[in-house]
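Peer 1: I have a structure I would like to understand better, so I am pasting it below and will then ask my questions one at a time.
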Amino acid sequence: MSTLLTPTPGQPIGPFYGYALPFDGGDELVPPRSPGAIRFHGTVTDGDGTPVPDVMLEIWQADADGTISREPGSLKRDGWTFTGWGRGPTDDAGDFSFTTVEPGPVRPDHAAFIMVTVFGRGLLNRLFTRAYVPGPALETDRLLQSVPADRRHTLIAERDEQGLRFDIRLQGDDETVFLAYPGV
């Protein structure tokens, strides 16, 4: 016997992130005054350019040497183990901020990047993107070069006095390029 199932969203619709998912220190991959600590920050906006206040972001990244951590303990920070993963919300102005280190490239032929996942009200499934670190390796990174030239800038973070700024536009003009992964 066959049963027809109704499709359901890939995640519940919020907003509920402020009390359900963030955890103490989730946005601090390294303590703020650690040697080499930078601020990875930006603003999430909708198609009209209006800041989105109830978004949750997760980031994954390599350490400064390009090593992908295999250490457990992402949800319980110990103050010295770099796990390469963080979670944090946007504030009322749509701004987010993580304290981390600038990642190194995981292979010589790849540009360094921070993987970003966006969860939010109105999104039936999470969105994936990359925030590339500015540098000469951008010219040879295969994934970045596969994106149309006029859209690549939406994947490249900008250096500022605090570290790296990466703004995310969910739709419309200058929409951030979002990635699809088979099976996800």
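The values are calculated or read from the model by the stated rules, or taken from the named source; none is laboratory data. From a predicted model like this one, the values you see are computed outputs, not experimental measurements. All Cβ positions, glycine included, derive from the backbone under ideal geometry; neighbour counts span all protein chains shown. Ligands, DNA and RNA are stripped out before the accessible areas are found, and what is left, the full protein with its side chains, is counted by its heavy atoms. Shrake-Rupley method; radii C 1.70, N 1.55, O 1.52, S 1.80 Å.
Per-residue answers, yes or no, for (1) among the acidic types (Asp, Glu); (2) in a strand (DSSP E or B):
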position: 78; (1), (2): yes, no
position: 88; (1), (2): no, yes
position: 124; (1), (2): no, no
position: 149; (1), (2): no, no
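Quick grid of which residues meet (1) in contact (Cβ under 8 Å) with a residue 24 or more places away in the chain; (2) closer than 24 Å to residue 180 by Cα:
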residue: 76; (1), (2): no, no
residue: 82; (1), (2): yes, no
residue: 87; (1), (2): yes, yes
residue: 100; (1), (2): yes, no
residue: 105; (1), (2): yes, yes
residue: 119; (1), (2): yes, yes
residue: 127; (1), (2): yes, yes
residue: 138; (1), (2): yes, yes
residue: 153; (1), (2): no, yes
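Peer 1: Do the conditions hold for residue 131, that is, is it touching a helix residue (DSSP H, G or I) at 6+ places or on another chain (Cβ under 8 Å), surrounded by 11 or more Cβ atoms within 10 Å (Cβ to Cβ), small (Gly, Ala, Ser) and not in a loop (DSSP other than H, G, I, E, B)?
Peer 2: Spelling it out, residue 131 is indeed touching a helix residue (DSSP H, G or I) at 6+ places or on another chain (Cβ under 8 Å), surrounded by 11 or more Cβ atoms within 10 Å (Cβ to Cβ), small (Gly, Ala, Ser) and not in a loop (DSSP other than H, G, I, E, B).
Peer 1: Among (1) open to solvent by less than 40 Å² (accessible area, probe 1.4 Å); (2) part of a strand (DSSP E or B), where does residue 159 come up short?
Peer 2: (1)
Peer 1: Do we have residue 141 as open to solvent by 10 Å² or more (accessible area, probe 1.4 Å) and either more than 19 Å from residue 56 (Cα to Cα) or not small (Gly, Ala, Ser) (or both) here? Steps first, please.
Peer 2: Details: open to solvent by 10 Å² or more (accessible area, probe 1.4 Å): no; either more than 19 Å from residue 56 (Cα to Cα) or not small (Gly, Ala, Ser) (or both): yes.
For residue 141, the condition - open to solvent by 10 Å² or more (accessible area, probe 1.4 Å) and either more than 19 Å from residue 56 (Cα to Cα) or not small (Gly, Ala, Ser) (or both) - is not met.
Peer 1: Report, by residue number, each residue of segment 162-184 that is β-branched (Val, Ile, Thr) and open to solvent by 70 Å² or more (accessible area, probe 1.4 Å).
Peer 2: Filtering segment 162-184 for residues β-branched (Val, Ile, Thr) gives 168, 176-177, 184.
Across segment 162-184, the qualifying residue is only 184.
Peer 1: Looking at segment 42-62, can you tell me whether even one residue there is modelled with pLDDT under 90 and polar (S, T, N, Q)?
Peer 2: Let us first name the residues in segment 42-62 that are modelled with pLDDT under 90, namely 54.
With the extra rule that they be polar (S, T, N, Q), the set shrinks to none.
No; the residues of segment 42-62 include none that is modelled with pLDDT under 90 and polar (S, T, N, Q).
Peer 1: May I pose another question? Could you run through segment 64-84 and say how many residues are under 16 Å from the mean Cα position of the chain (by Cα), open to solvent by less than 40 Å² (accessible area, probe 1.4 Å) and at pLDDT 90 or above? Walk me through how you get there before you give the answer.
Peer 2: Pass one, segment 64-84, residues under 16 Å from the mean Cα position of the chain (by Cα): 68, 74, 83-84.
Cutting the leftovers down to open to solvent by less than 40 Å² (accessible area, probe 1.4 Å) gives us 74, 83-84.
The next check asks that each one be at pLDDT 90 or above; those that pass are 84.
So the count comes out to 1.
Peer 1: Continuing with this model, one more query. What are the residues in segment 85-117 that are crowded, with 23+ Cβ neighbours inside 10 Å and either among the hydroxyl-bearing types (Ser, Thr, Tyr) or touching a helix residue (DSSP H, G or I) at 6+ places or on another chain (Cβ under 6 Å) (or both), if any?
Peer 2: 90, 100, 111
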